[in-house]
Amino acid sequence: MGYINHLPSELLLDIFERLANTSSTGTLTAALSCCRTWRRLASSVLYAHIALDSKLNPNCTLALFTNQRPNLHLVQSLTLRMHSTHLMGFSIKLPRAYDRLDGLTAILPTMTNLRTFSLTLEEQLERDYNLPTDAVSNLLKHLPESVVNLELDSNGLDDIQLSGLHLCEAVGTLIPRLHCLRLRLSHLCPSLLAPLKLKTFPELSPKGYINPKPASTLRTAVIRLDKKISERYGPIACICGTPSQMKHRPRLLFPPHFASTIRQLYQSGALPHLQRWILIDRVEADRMEHEEQWSVFKVRDVTANTTTTFPWCARGGSSHLHMLRDVDGADLFWGFADMAKALEGEVAWDDLASRARIPPPLPTRTAAEVANTEGWHVHTCGAIGRTQAKNRHGVDFPLWKREDIIGKPILRARVAAGFNDVDAACEVLPQGWVWFRPPRNMRVWSVQRG
């Protein structure tokens, strides 16, 4: 009769990894107390992917981790999730708020096997909070050289007015060594790409000639612009807090120009391993008499040199559902956060059972295969279709009624070559059809043959 402790270490390790993916950490924690072999193997799994909550409470997981410093050499990925209380401490300049991050900054360089670092914020935070970019920049500067995957999700709350600094330079310094990058910011500027430019185009360097060589090992990147509101221009992406630099038409100028710059670097050979670089932007529709304009998400695929425009709307019988029409013409429904994640498609980061975040694996594809991709495809996992939304939640759109009358779609997602497509989406009536307002319902426009 055999005993479980007689199993080879490889099988025990596989069992522990399966436990880590399907159960709470309590099961693995109990395994630490069985014997030395189990402790060694279970520790390598338990500490591989760490998720920490950052609060002002001295018993928060970040405080406990930085004080005890357990098995730092085993940590492969580290996810830091900042909560509202911590951000509130930053807003009132509370020393304890900065001290909490200083403890992590002190031990980061000792994590010699750390490959993935993720900083996110608690979901659904109020816009009154701000992420202190000086403190975050200091964290990024102390990441060990082993880090090759970086996620920085500010929930659109990165505001340089709190510190006078921005994150672009700190992130840009890391890009040449990264494999995977995910950014969700409200502010960007050209300094994010400056290190790539200097290595690719040596004549731009003030120090003279640099031997040309591939500037980055980057494989996947996604930048989501979670833009703040401007009274004059609506939602726009500011160049690190200086919207005046964007001159007269900031919504038209910045995202296409930024994507074009990355495309130029890609074509010059600065990013030889790049599979996908996605820039996600949002354009709000102007109010029209017929309400035929729709707000859209723009997904600019640098490697494929395309811009895919997805119409979306929050109207309907349910306030928490948002509809998005994909490139296949299907209407998909999620909550807003899930819809935004679905837009990242194959480059969306994954959540482990431990709540740690890791980048997705991607199959190796040739440049020709990437270039032949017809538009960007969202992840449909977790979405419900039109029939379910209608039956379960009472969702209904005047658009559907107009399309039923005409007999074919009048609103489509579109794919355009290049990055200059900056317009919202419109319902386009076929020839021979006109708008009219039914006498029984003057609030909703319908269509009829002209």
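No lab work stands behind these numbers, since they all come straight from the coordinates. All values reported here derive from a predicted model rather than from experimental measurement. Here the Cβ is made from the backbone with ideal geometry for all residues, glycine too, and neighbour counts use every protein chain on show.
Sequence-distant or interchain residues sharing an amide H contact under 5 Å with LEU119, placed H: which?
LEU80, GLU151, LEU152, ASP153
May I ask you to evaluate 6.51 cos²θ - 1.76 cosθ + 1.60, the Karplus curve with θ = phi - 60°, for each residue of region 50-67 and list the ³J(HN,Hα) values in order in whole Hz, giving x for glycine and proline?
Coupling constants for region 50-67: 10, 10, 10, 9, 9, 9, 7, 4, x, 9, 5, 5, 5, 5, 5, 5, 5, 7 Hz.
Which order do TRP445, TRP312 fall in if you start with the one that has the fewest other Cβ atoms within 10 Å?
Taking fewest neighbouring Cβ atoms as first place, the list is TRP445, TRP312.
Which residues' amide hydrogens lie under 5 Å from the amide hydrogen of VAL222, considering only partners 5 or more residues apart or on another chain, with H built in the peptide plane?
LEU181, ARG182, LEU183, ILE278
Rounded, prolate or oblate: which fits region 408-450 when a ≥ b ≥ c are the square roots of the eigenvalues of the alpha-carbon gyration tensor, with rounded for a/c under 1.5 and prolate only if a/b beats b/c?
Because a/c hits 1.5 or more and a/b exceeds b/c, region 408-450 counts as prolate.
Taking the Cβ of each residue in THR85, THR387, THR309 as the centre, tally the other Cβ atoms inside 10 Å and list the residues starting with the fewest.
So the residues, fewest neighbours to most, are THR387, THR85, THR309.
Measure of size requested: the Rg and Dmax of region 46-135, with Cα atoms as the atom set and Å as the unit; please supply both.
For region 46-135, the Cα-based Rg and Dmax read 13.0, 38 Å.
Using Cβ counts within 10 Å as a stand-in for footprinting exposure, how do PHE297, PHE117 rank, fewest first?
Fewest-to-most ranking of PHE297, PHE117: PHE297, PHE117.
What's the whole-number percent of alpha carbon pairs in region 293-345 lying beyond 14 angstrom?
Value for region 293-345 (Cα pairs over 14 Å): 54 percent.
Whole-Hz ³J(HN,Hα) for each residue in region 342-349, computed from phi via Karplus 6.51 cos²θ - 1.76 cosθ + 1.60 with θ = phi - 60°, x for glycine and proline: what do you get?
Calculated HN-Hα couplings, in order: 4, 5, 6, x, 6, 9, 5, 6 Hz.
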